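To start, the structure itself, in structure tokens.
The values are calculated or read from the model by the stated rules, or taken from the named source; none is laboratory data. Since the model is a prediction, treat every value here as computed from it, not as a measurement. Because the Cβ atoms are built from the backbone with ideal geometry, glycine has one as well, and the counts that use them run over all protein chains shown.
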Amino acid sequence: MTTAERLYRSLKQDITTCALRPGQPFSEAEICRRYKASRTPAREACQHLQREGLVTIVPFRGYFVAPLTLAEFHNLHEVQLIVDPAAAGLAALRAQPPQLKAMEQWAEYEYRVGVKASYATFLQRNFNLHVGIAQASHNQHLVEIATSIQTRLMRFFYLIIAMDAYGPQLVKEHEGIVAAIRERQPEQARQRAAEHVTNTIRRSAGLFMTATEARLGELITEPGSLMAGYGGEGLAGEHGDAARFHTAREQIEVDPALTAKAGRRKGKA
């Protein structure tokens with residue numbers, strides 16, 4: 001592994017886990033000190049992360065950790081609702097025994113409520129599971145898309161979302177997807193993957209209810225659609241620490257167009 005690759009991985013890990021906070025500025029000199037590297041690999045690593053949308057480079061101002069935006073949060077879930085079912089369906093046809101075994105191990109992990117290290121372990125295994133299902137599809141483009149989605153979502157999970165009340169439910173949903181893949185049932189695998197993403201959206205909706213309402217008209221197309229019944233169960237709002245929730249939420253940039261649209265919808269209600 002080259003110095004640039006090592007630095008890239010370390011910097012990406014710190015951005016993903018929010019050790020480096022969204023919007024945080026930094027210089028090449030600071031990166032060199034923090035990761036004990038020279039300027040050339042630091043520059044190469046930052047350019048790589050810029051291409052992945054995790055670092056913003058502003059001429060004459062320096063580097064910034066890419067901010068988290070409410071629009072990105074919604075957009076990632078919309079793409080996930082397309083990609084995850086497709087990957088699960090193909091995995092049901094193509095998964096190899098070692099891949100199935102790994103998926104089963106990742107799916108069964110339930111975090112311990114209130115234990116930060118346990119939640120971090122869950123997030124990593126959740127990442128492994130979703131990307132692992134894509135890998136089992138043996139379609140490299142799906143793997144790349146799933147990896148990007150999960151990496152970006154992970155920042156939201158680390159920063160603001162505390163899923164204290166949903167451990168058993170998440171395990172049940174994960175194991176259901178893997179069971180359908182193991183049983184070579186592509187349609188069932190697709191359906192369970194879609195239901196899991198939809199449930200995740202419901203569980204997340206309470207975080208930003210005002211702006212979320214602006215998206216409902218776009219996501220709900222008919223009463224029988226997967227997105228029908230999009231709920232408002234809060235995660236951090238109901239079960240997390242209120243001070244941490246509000247402090248973290250301030251770092252999420254809200255698109256004014258979304259909140260304006262939400263206001264118009266409320267006025268018509």
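The rows are residues; the columns are (1) buried (at least 17 other Cβ atoms within 10 Å of the Cβ); (2) under 22 Å from Leu142 (Cα atoms); (3) in contact with an Asp or Glu (Cβ under 6 Å, 6 or more places away or on another chain).
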residue	(1), (2), (3)
Arg9	no, yes, no
Asp14	no, no, no
Pro22	yes, no, no
Ser38	no, no, no
Leu49	yes, yes, no
Arg61	no, no, no
Val83	yes, yes, no
_Can you find a residue that is of a type in the set (A, V, I, L, M, F, W, C) and touching a Pro at 6+ places or on another chain (Cβ under 6 Å) anywhere in segment 54-65?_
yes
*Failed condition for Met103, given (1) more than 20 Å from Cys18 (Cβ to Cβ); (2) out of contact with any Leu (no Cβ under 8 Å at 6 or more places or on another chain), with all others met?*
(2)
*asked:* Show me the helices (runs of 4 or more DSSP H) found entirely inside segment 95-189 where at least 1 residues are surrounded by 15 or more Cβ atoms within 10 Å (Cβ to Cβ) and under 16 Å from the mean Cα position of the chain (by Cα).
replied: 116-136, 140-159, 167-182
*Of (1) within 24 Å of Lys12 (Cβ to Cβ); (2) in the same structural domain as Gln191 (by TED's automatic domain parsing), Tyr166 satisfies all except one. Which?*
(1)
